[in-house]
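Before any comments, here is the structure.
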Amino acid sequence: MFGRISHEIKNPLSVILANIQMLKIDIGEIKNIEKKELKNLLEMANAIEEASRLGRNIVGNVVNYSRKESDADYKVNLNEVIDSVNSFMRKDLEINGINLKIKLEENLNILAKRSEIIQVFLNLIINAKDSILENKNIKDKKIGIYAEKKGELITIIIKDNGVGIKKEVGNKIFEPFYTTKIINKGTGLGLSIVKEILNRYNAVIYVESVEEKETKFIINFINYKKN
């Protein structure tokens, strides 16, 4: 339990630290703040604030889970969730030279808890970033998020051109404490938490990968159609 808590707190905190570092650099270099620079500072401040709230919500979710409490689920707009995760990760990805491309259909709604769905996408984007950084031969570093509605389902694809996953590993990556990362770079909890959260909402995740070329995580959510 403590390993899970520390892992899920670590991700939002890493976002906070990345944004604070950039914020300090920008403030130190700007003498006369113009509108564009001010906008960037405000965006980073907003990312810090929302990531902090996410950390607080994660702790609250763990406490509620330990007490066997269950809050009601609400309509969650995946477009807004992915936009929030983009705000969290933008500076971190920029620092590492990674381009994030997002292409979504409109009105992608599911029934869930927003903070948990943010956890899912934050974990997957951080996982994609780490995979790309492990591949030292990549010049054009890319992560893509694509989504479309297919009848009763919403399909989300998160694609990266990192090191890929070996065939023999397969679905082991979703097992608790299983990791392909180097020592001290991963706990092996991120993807197991992703799968656990998605299972609660009857969503299905699977992976397609070509070693040393690309990895796709595909998620099928149930489309929530009520207004």
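The numbers here are math on the coordinates, done by the rules we state, and not lab data. Since the structure is predicted, the reported quantities are computational estimates derived from the model, not experimental observations.
Residues whose amide H lies under 5 Å from that of ASN109, counting only those 5 or more places away or on a different chain, are LEU78, TYR224; hydrogens are built 1.01 Å from N in the peptide plane. When the C-alpha to C-alpha distance is required to be over 21 Å, the pairs from LYS167/LYS213; LYS129/LYS216; LYS113/LYS226; LYS139/LYS216; LYS103/LYS167; LYS91/LYS129 that qualify are LYS103/LYS167.
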